Amino acid sequence: MASVTFDRVSKRYGVVVAVDDLSLSIADGEFMVLLGPSGCGKTTALRMIAGLEEITGGELRIGDRVVNDVDPARRDISLVFQSYALYPHMTVQRNIESPLMARTYRVDGPTSPARKLTKAERDERVAEAARVLDLEPYLKRKPSALSGGQRQRVALARAFVGRPQAYLMDEPLSNLDAKLRAQTRIELVDLHRRVGTTIVYVTHDQVEAMTMATRVAVMRMGKLQQVGTPQEVYDKPVNTFVAQFIGTPPMNCLTATFAADGNGIEVAGAGTLPLPAGLQAKVEPGRATVVGVRPEHLVADDAGTLVANVRAVEWLGHECLISVEADGQLFTLREPGLAAYAVGNDLRMSVAAAEVHLFDADTTERLT
Ligand code: ATP
């Protein structure tokens, strides 16, 4: 097992900067999710770890070893892609065994010469992978006789047999339907808990990031925005991009100004919100700001200080999403159960001071 360290790593394709000065330390045994929208550079970052992309600048280390110029086959990592790429003519057993046939391993100790595995050693590793990934009943089948989820588990088993220092996964669940995706998320977390090997996992799906990661690295346009536990990035997003990328529905980010008396925040056309504790020093009365409130923290309250007009009420069975509008700004509340608000009526709301996020109107950075 090993850590993975990006030290000011960049990747350029001509004028396109796919990864821009990335510094990120992934600890040994971590489940790190690289999260961001399409084109943010997360796949390029993963491919650099794998050795499939040359590094333009900076240093990349796996454990203590600088791997900038190390051949992919010598990096001791396994890749799992969204397409399972199983050999259709081979049984599950042979598919899982296939990487072991192609490579040599330092099985006799880290300084011993690398050699091919014996048949008995291969059989033992395949048996272990099949047990860990619950594939024992299917070893004699061909991939065509498996479900999508079972095929994905074969792809994982094939990565597992090499006993790599780290697993690299690029959107491995995106070909599965919603139910199977949810189930496989749980299986992946369980697998990680049992084997403890470092996982670097790329996705644009914030639910995958929130549910599986030990830490999440949020990227945008080649740049790392924030790295932290799922709770840290949810509770304290560093800018409005992270605030709105994490969470469904996203955080409401509203145009506002600091009140003239310095004691609150005036949301355009809606009313006043309390100032979060500790921010007094940052207040410039009359200055524009962006106020962030998660939909679950906007509470319908007859004594509230915000008013907006109800535009839509969507009942999802377990909760209601209520869209309201003030001065052309739309924002969302979520309430458990069924909410009986009439479209077109005004709704009064409040937000606890501790749940108010403030961002600089120019830089979009969090004011803390
Ligand atoms: P997606 O989720 O769509 O795969 P991503 O976040 O993984 O996106 P990358 O595939 O890493 O993004 O791409 C980052 C940027 O680099 C994009 O602007 C992309 O167009 C560009 N890029 C990637 N590969 C190449 C290439 N071979 N040549 C030129 N530009 C490239």
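The values are calculated or read from the model by the stated rules, or taken from the named source; none is laboratory data. Given the structure is predicted, the values throughout are model-derived calculations rather than measurements. Cβ: placed from backbone, ideal geometry, glycine included. Neighbour counts: every protein chain shown. Accessible surface areas use protein heavy atoms only, side chains included; no ligands, DNA or RNA. Shrake-Rupley method; radii C 1.70, N 1.55, O 1.52, S 1.80 Å.
Span-like helix criteria (full DSSP H runs; alpha carbon extent of at least 15 Å along the helix axis; mean Kyte-Doolittle hydropathy of at least -0.5) are satisfied in the chain by 92-102, 148-160, 178-195.
For ASP205 and ARG74, what does the FRET efficiency come to when R0 = 30 Å and r is the distance between their Cβ atoms, rounded to the nearest 0.05?
Efficiency for this residue pair is about 0.40.
Heavy-atom accessible surface of the chain, averaged per residue, reaches 46 Å², computed with a 1.4 Å probe.
Modelled spin-label separation between GLN231 and ALA260, with each label point placed 7 Å from Cα along the Cα-to-Cβ direction: 4.3 nm. Were the residues from LYS119 through ALA268 laid out at 0.36 nm apart, the gain over their Cα-Cα distance would be 46.5 nm.
FRET efficiency for GLU59 and ALA342, Cβ-Cβ distance as r, R0 = 56 Å, nearest 0.05?
Given R0 = 56 Å and the Cβ-Cβ separation, E is 0.40.
I'd like the trypsin sites (Lys or Arg not before Pro) in the stretch 265-335 restricted to DSSP loop residues with at most 13 other Cβ atoms within 10 Å, sorted by number.
Filter output for the stretch 265-335: ARG287.
When the helices of the chain are scored as -39500 (n - 2.57) per DSSP H run of n ≥ 4 and the total is divided over every residue, the value at 222 nm lands at -7000 deg cm²/dmol. To put it simply, the accessible area of the stretch 4-242 at a 1.4 Å probe is 51 percent carbon and sulfur. Nonpolar atom fraction for the stretch 252-360, defined as the carbon and sulfur part of the 1.4 Å probe accessible area, stands at 52 percent.
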